[in-house]
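The values are calculated or read from the model by the stated rules, or taken from the named source; none is laboratory data. Everything numeric in this text was worked out from a predicted model, so none of it was measured. No Cβ is skipped: glycine too gets one built from the backbone with ideal geometry, and neighbour counts run over all protein chains shown.
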Amino acid sequence: MGMLRGLVCATAALSALALTGKTGSVWLVGMLTLALAGIGIGLPGLDALLTEGIDKKARGTVTSFYSSMRFVGVAAGPPLGAVLIGHSMNALFYTLAAACLADALLTLFAIRPDPGKP
């Protein structure tokens, strides 16, 4: 549930940035802080899903792939963000909000936790 809450929080904050078009630094820092907090709320749930929800035989491969993709995101994110900001700030925020919304919908409909586990 934490993953979904975090993604909804991030989606709401990024959507607010995109839809309002406000550029004040306090507003921008506040909403980005809320978005990043939402992502931070969601990551522990994703880590737990990978470590507890994957068969032990495949866990190492899946965890390795997950870590690699996170580093690809860290490396590719800033240049892609710069390209989007080159078009407009709203292009960046709309794109990030859409990605968070897609992730939230995937979390809501694709992840089915085992009812026997807490």
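Among residues of the stretch 34-57 being under 19 Å from the mean Cα position of the chain (by Cα), among the aliphatic types (A, V, I, L, M) and modelled with pLDDT under 85, the one that is farthest from MET1 (Cα to Cα) is LEU50. The combined condition, being surrounded by 14 or more Cβ atoms within 10 Å (Cβ to Cβ) and in contact (Cβ under 8 Å) with a residue 12 or more places away in the chain, is not fulfilled by ALA98.
Within the stretch 29-45, does at least one residue satisfy the condition of being surrounded by fewer than 12 Cβ atoms within 10 Å (Cβ to Cβ), outside any helix (DSSP H, G or I) and not aliphatic (A, V, I, L, M)?
Among the residues of the stretch 29-45, not one is surrounded by fewer than 12 Cβ atoms within 10 Å (Cβ to Cβ), outside any helix (DSSP H, G or I) and not aliphatic (A, V, I, L, M), which makes the answer no.
Among the residues making up the stretch 91-112, those that are in a helix (DSSP H, G or I) and either within 16 Å of LEU36 (Cβ to Cβ) or of a type in the set (Val, Ile, Thr) (or both) are LEU92, PHE93, THR95, LEU96, ALA97, ALA99, CYS100, ASP103, ALA104, THR107.
Of everything listed in (1) at pLDDT below 90; (2) assigned to a helix (DSSP H, G or I); (3) among the polar types (S, T, N, Q), the single unmet condition for THR11 is (1). The set of residues in the stretch 36-64 being without any contact (Cβ under 8 Å) to a residue 12 or more places away in the chain and under 24 Å from ALA10 (Cα atoms) consists of ASP47, ALA48.
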